[in-house]
Amino acid sequence: MRKSILRFAFVLSAVAIVILSSCKGGVKDADIEKAVTEKISAASADVTDASATVKDGVVTVNGTFKDDASKAAFETTVKAIPGVQSVVNNSTVAPPAPVVPAPVVINGDEALKQGIADATKDFPGVKAEVKDSVITVTGETTKADWKKIKAALDGLHPKKVNPTGLKVK
């Protein structure tokens, strides 16, 4: 009788080992999905329209991340969840926001007149006048001085700097 009890216990142990080893470590897909959902909530600043499904420990992630780094970091976080076998990352990266150039401010003639006087005061051979926000430069100067004058006049934001009557040596 004792031998049959030992045989029964041995068979029962073998069956238990087989059953437990087929349970994927005891972690259920629902538990993994719950953990991934919590990670999605924690990453809400980095991802929109995110969702995840789990089947046999394989997590499929969908959503739109703000950048590649956020997407990669989230995938790494999901892979670290106990029971995750692999991650299928079907998420995308949002396109960058368009760059809107700063508006160009064109100064009126009165504002330009004072700026022109300041820009040309150190160059006695150069005269500049403004009409309809276009600066016309006349006179005579060197190439090096013209670069300085032109930079100063451009900084005043006129419609145009016109050196038609200027002789550059």
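Only the coordinates and a few stated rules stand behind these numbers; no lab work does. Every value quoted in this text rests on a predicted model; they were computed, and no experiment measured them. Every residue, glycine as well, gets a Cβ built from its backbone with ideal geometry; the counts of neighbours run over all protein chains shown.
Here are a few things to note about the model shown:
- Considering only region 109-168, percent of DSSP beta bridges that pair antiparallel, nearest 5: 45 percent
- You can think of it this way: the chain between Glu140 and Ala97 has 10.7 nm of extra reach, that is 0.36 nm per residue less the Cα-Cα gap.
- Considering only beta bridges that DSSP places wholly inside region 56-147, some 50 percent are antiparallel.
- Estimated distance in nm for a label pair at Ser44 and Ala69, the labels positioned 7 Å out from Cα along Cα-to-Cβ: 2.3 nm
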